[in-house]
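Here's the structure, in structure tokens; my notes come after.
The numbers here are math on the coordinates, done by the rules we state, and not lab data. If you're wondering where the values come from, they're calculated on a predicted model, not measured in any experiment. Positions of Cβ are generated from backbone atoms using ideal geometry, with glycine treated the same way; all protein chains shown enter the neighbour counts.
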Amino acid sequence: MQLVQKNYWRNNAYLAVVKSFLLWSFTLTVCLLVVGFPVGVLIVTVGTLLTIILQTVLPTTAVLLVTGSICAINVLIVAIGAAVLTAKGIHPEQVSWLNWLHGEAKSSNNSVYASCPLTCALTSLSE
């Protein structure tokens, strides 16, 4: 019976590591797409120039080679980043600036209506 319980806890640890890795992969991918858009434009520009240069040497596979390498580098950056953060034991729930991932709504702004001083003064006089 103890053997079964030990394997159960070990499987939970593996599941927690896999869950953390997948959450970091998702988070880093979203950050790469949203925040890294200017960097993406720069990468596409450099990739276009590389394709033009490689077109003289490899006429049929230049576009495929450059596109594949850019996509592979992006996937490797996300995977290595997620692996490093998971190996360090940092969970996405512990990071304060990822509040959109926690599902908690923190509204710090209160609505102030322009007509409130006018209408509030009138309602307080009538009461």
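Along the range 80-85, what does the Karplus equation 6.51 cos²θ - 1.76 cosθ + 1.60 (θ = phi - 60°) give for ³J(HN,Hα), rounded to whole Hz, x for Gly and Pro?
5, x, 5, 5, 5, 5
At 7 Å along Cα-to-Cβ for each site, give me the label-to-label distance between Val63 and Val41 in nm.
Each label point lies 7 Å from its Cα, and together they span 2.3 nm.
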